[in-house]
Amino acid sequence: MIISDLTHFERERVLWPAAVVRGIEYILERRLGECEPGRYDLEGDNGHLMYANVQEAQTRPKAEQLPESHQVYTDIQFLVSGEERLCFYKLHEGAKVIDDKFETHDVAFYENEGMPETDIYLGPGMFAVCFPSDIHRPNCMVTESRVNKKIVVKIHRDLL
């Protein structure tokens with residue numbers, strides 16, 4: 001997992017995979033934070049290599065959000081406005097899948113198994129890069145439920 005913000009982007013970009021850097025550049029250059037919610041194709045035929053989902057998402061209590069992971073795509077979870085807690089832990093052999101949608105939607109949801117999770121605060125301009133080995137629980141509320149605007153860039157494994 002990578003956790004950063006726009007303040008550190010120029011200094012840190014040399015450390016990250018090129019596709020992650022391009023994903024952040026697309027957010028900035030295409031001004032995706034100003035776009036309406038929806039899907040925006042970035043690379044590949046019909047965006048199959050990289051695309052962005054601009055979302056307005058309601059934060060909820062952590063217990064109501066299921067942990068998830070992906071097999072094909074890496075996420076850049078970029079917060080445009082609002083605040084959220086993003087929780088994560090590493091994929092491991094004992095992780096119990098309760099809803100496997102890998103074949104149709106490249107996502108599986110996991111049991112709230114009481115695994116020790118790391119909670120990350122995201123504010124505007126902050127982002128987390130979640131790789132397939134990162135089980136993550138996005139859109140958790142910090143103090144109260146709110147609607148956030150965020151961009152989730154999906155990067156196909158072929159680019160990494």
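At-a-glance table
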{"item": "Qualifying residue in the stretch 18-41 (condition: in a strand (DSSP E or B), over 16 Å from the mean Cα position of the chain (by Cα) and modelled with pLDDT of 95 or more)", "result": "yes"}
{"item": "Qualifying residues in the stretch 49-67 (those that are more than 14 Å from the chain's Cα centre (by Cα) and assigned to a strand (DSSP E or B)) - the one farthest from residue 115 (Cα to Cα)", "result": "58"}
{"item": "Selection count, the stretch 140-158, where residues are farther than 22 Å from residue 31 by Cα, out of contact with any Pro (no Cβ under 8 Å at 6 or more places or on another chain) and open to solvent by less than 50 Å² (accessible area, probe 1.4 Å)", "result": "0"}
{"item": "Given (1) within 27 Å of residue 13 (Cα to Cα); (2) out of contact with any helix residue (DSSP H, G or I) (no Cβ under 6 Å at 6 or more places or on another chain); (3) part of a loop (DSSP other than H, G, I, E, B), index of the condition residue 135 fails", "result": "(3)"}
{"item": "Residue count, the stretch 99-134 (criterion: of a type in the set (Val, Ile, Thr), in contact (Cβ under 8 Å) with a residue 12 or more places away in the chain and open to solvent by 60 Å² or more (accessible area, probe 1.4 Å))", "result": "1"}
{"item": "Among the residues listed as 13, 39, the single one being free of Cβ contacts under 8 Å to residues at least 40 places away in the same chain, out of contact with any Pro (no Cβ under 9 Å at 6 or more places or on another chain) and within 25 Å of residue 147 (Cα to Cα)", "result": "39"}
{"item": "Qualifying residue in the stretch 68-90 (condition: assigned to a strand (DSSP E or B), among the hydrophobic types (A, V, I, L, M, F, W, C), open to solvent by 30 Å² or more (accessible area, probe 1.4 Å) and closer than 14 Å to residue 109 by Cα)", "result": "yes"}
{"item": "Residue match in the stretch 19-28 (condition: surrounded by fewer than 16 Cβ atoms within 10 Å (Cβ to Cβ), hydrophobic (A, V, I, L, M, F, W, C) and touching a helix residue (DSSP H, G or I) at 6+ places or on another chain (Cβ under 6 Å))", "result": "yes"}
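The values are calculated or read from the model by the stated rules, or taken from the named source; none is laboratory data. A quick note: this is a predicted structure, and the numbers were derived from the prediction, not measured. Because the Cβ atoms are built from the backbone with ideal geometry, glycine has one as well, and the counts that use them run over all protein chains shown. With ligands, DNA and RNA removed, areas are computed over all heavy atoms of the protein, side chains included. Shrake-Rupley method; radii C 1.70, N 1.55, O 1.52, S 1.80 Å.
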